[in-house]
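Notes for the one structure printed next.
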Amino acid sequence: ERTADARLVAATLEQWQSSNALLAGHLDMDRFGAFGFAQGGSAAGDLAETDARFKASANIDGAMLNDSLVASGPNKPFLLLVPEPRAYNLQDNLMLFLTRANAPAYYLSLAGMIHHSFFDAAILLDLGTFNKAFGTSDCFATMDGLDAHVLLRSILLSFFKRHLTALYQPQAHNI
């Protein structure tokens with residue numbers, strides 16, 4: 001299970017913080033965040049809501065598979081990134097999750113991207129080859145894969161810097 005794997009990583013880092021000759025005293029155990037793609041996005045949201053060590057999460061075009069979390073909404077900062085033209089309606093579990101937020105929650109739809117734009121293959125293939133492999137007649141990428149990954153990196157860094165550092169102020173405006 002993805003959440004169990006992430007909890008194991010967090011526990012290992014906590015152990016290294018106190019006992020590893022190279023890392024002891026150098027890890028900030030108060031600023032864990034989680035992000036994931038597709039099912040990993042669901043795991044990231046679940047992890048932040050069920051493990052106190054994780055202070056924020058980002059879901060990159062995934063679902064929310066934990067119905068009890070959907071019912072309560074996020075209690076920690078949460079970011080949902082989706083490709084455009086994929087649109088969610090208010091009946092989708094992710095939108096229900098966001099509308100029930102008890103903490104800052106963001107929804108960003110990224111024009112020119114499709115679900116597979118978040119894969120590493122988007123960087124390796126030219127746009128034409130990428131669309132032949134992953135696009136459909138009514139859904140194809142218009143943003144170059146490298147540009148898409150640069151944008152994704154920038155958004156994730158901004159979100160986590162805002163919510164995992166002293167720069168975060170609960171009353172601050174949204175991204």
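The values are calculated or read from the model by the stated rules, or taken from the named source; none is laboratory data. Given the structure is predicted, the values throughout are model-derived calculations rather than measurements. Heads up, the Cβs are rebuilt from the backbone with ideal geometry, glycines too, and the neighbour counts pull from every protein chain shown. Surface accessibility is based on the protein's heavy atoms, side chains included, excluding ligands, DNA and RNA. Shrake-Rupley method; radii C 1.70, N 1.55, O 1.52, S 1.80 Å.
Scan region 149-163 and give yes if some residue there is modelled with pLDDT of 90 or more and in contact with a helix residue (DSSP H, G or I) (Cβ under 6 Å, 6 or more places away or on another chain), otherwise no. Checked against the condition, which is being modelled with pLDDT of 90 or more and in contact with a helix residue (DSSP H, G or I) (Cβ under 6 Å, 6 or more places away or on another chain), region 149-163 yields at least one hit.
Residues of region 89-147 that are open to solvent by less than 30 Å² (accessible area, probe 1.4 Å), of a type in the set (F, W, Y) and either over 21 Å from D46 (Cα atoms) or not in a helix (DSSP H, G or I) (or both): Y106, F130. For region 1-11, the set of residues classified as under 18 Å from A56 (Cα atoms), open to solvent by 50 Å² or more (accessible area, probe 1.4 Å) and either at pLDDT below 90 or touching a Cys at 6+ places or on another chain (Cβ under 9 Å) (or both) consists of R2 only. Only a single item in (1) modelled with pLDDT under 90; (2) within 25 Å of A148 (Cβ to Cβ); (3) open to solvent by 40 Å² or more (accessible area, probe 1.4 Å) is not met by A38, and it is number (3). Among the residues here, P83 does not qualify as modelled with pLDDT of 90 or more, farther than 21 Å from L8 by Cα and open to solvent by less than 50 Å² (accessible area, probe 1.4 Å). Cβ-Cβ contacts under 9 Å between residues 6 or more apart (or on different chains), taken from a first residue in region 21-41 that is touching a residue at least 12 places away in the same chain (Cβ under 8 Å) to a second residue that is among the basic types (K, R) and open to solvent by less than 40 Å² (accessible area, probe 1.4 Å), are absent. Residue count for region 41-74, restricted to those that are open to solvent by 50 Å² or more (accessible area, probe 1.4 Å) and either under 10 Å from L94 (Cα atoms) or of a type in the set (D, E) (or both): 2. Might you check whether a residue that is in contact with a helix residue (DSSP H, G or I) (Cβ under 6 Å, 6 or more places away or on another chain) and open to solvent by less than 50 Å² (accessible area, probe 1.4 Å) occurs anywhere in region 12-22? No: zero hits.
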